[in-house]
Amino acid sequence: MSAASSVPNGGDRTPTGPGRTYSPGVARRWSGSEEGSSLPFVLVCWLVAALMCFGAVAASDAFLEQQRVQSACDGAALAAVNQTENGAAYARGVSGYLPLDQASAQVAVADQLADGGTRLDGWSVRVTGVEATVTCTRSVQIAFGWLFLGGAPLERTAVASARAPTA
């Protein structure tokens, strides 16, 4: 057996396979190379990371705005149940609970919200016997809202209920 026959391809040192070329003394160059394809991948990864960060900031801002509206609504509900119907309390007495009425609850809620410092777009109060339910609504602009909401304001609504104090 000759030396040439012991080498695959009969002594030809050219790599085999589709698209492969070989030149002696020159660095190998593969056709169909993926050179430069890491830059778009890195840019896409940075874009995804930036969107995740912007989304986290926007979600945090929306959550904090919801907390502000809820806090104002909680205070208004407590103010509503602390305002008793004086006529009924004096006429019938207090038999286990303080009587509430719609008109005095609305006045108490309006006073509380005016003093609270949180601007609301709308609110309502409903009194049922010994319980007052206050619904508060506010539209807010959140951080990066232009990206996630197209610049539209985000509406935040909170509902708070409270029971009248018992005697």
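The values are calculated or read from the model by the stated rules, or taken from the named source; none is laboratory data. Bear in mind the structure is a predicted one, so any value in this text is a computation, not a measurement. All Cβ positions, glycine included, derive from the backbone under ideal geometry; neighbour counts span all protein chains shown.
Results for (1) within 16 Å of residue 136 (Cβ to Cβ); (2) out of contact with any Ser or Thr (no Cβ under 8 Å at 6 or more places or on another chain); (3) charged (D, E, K, R); (4) modelled with pLDDT of 95 or more, shown as yes or no for each residue.
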{"residue": "69", "(1), (2), (3), (4)": "yes, no, no, yes"}
{"residue": "72", "(1), (2), (3), (4)": "yes, no, no, yes"}
{"residue": "84", "(1), (2), (3), (4)": "no, no, no, no"}
{"residue": "93", "(1), (2), (3), (4)": "no, yes, no, no"}
{"residue": "108", "(1), (2), (3), (4)": "yes, yes, no, no"}
{"residue": "114", "(1), (2), (3), (4)": "yes, yes, no, no"}
Looking only at the stretch 109-150, and only at residues there that are among the β-branched types (Val, Ile, Thr), within 21 Å of the chain's Cα centre (by Cα) and assigned to a loop (DSSP other than H, G, I, E, B), the one that is nearest to residue 60 (Cα to Cα) = 142
Checklist (1) over 13 Å from residue 83 (Cα atoms); (2) in contact (Cβ under 8 Å) with a residue 60 or more places away in the chain; (3) not β-branched (Val, Ile, Thr) applied to residue 126, failing item = (2)
Subset of the stretch 39-63 [exposed (fewer than 14 other Cβ atoms within 10 Å of the Cβ) and either under 15 Å from residue 139 (Cβ atoms) or within 19 Å of the chain's Cα centre (by Cα) (or both)] = 48, 49, 50, 51, 52, 53, 55, 56, 57, 60, 63
inquiry  = From the list 78, 98, exactly one residue is in a loop (DSSP other than H, G, I, E, B), modelled with pLDDT under 95 and under 30 Å from residue 123 (Cβ atoms). Which is it?
reply    = 98
query = Inside the stretch 119-138, can you point out the residues that are in contact with a helix residue (DSSP H, G or I) (Cβ under 8 Å, 6 or more places away or on another chain), over 19 Å from residue 103 (Cβ atoms) and surrounded by fewer than 21 Cβ atoms within 10 Å (Cβ to Cβ)?
reply = 120, 137
note = Output for Cβ contacts, cut-off 7 Å, separation at least six or different chains, first residue at positive phi in the stretch 136-159, second at pLDDT 95 or above and not acidic (Asp, Glu), reads 144/54; 144/57; 144/58
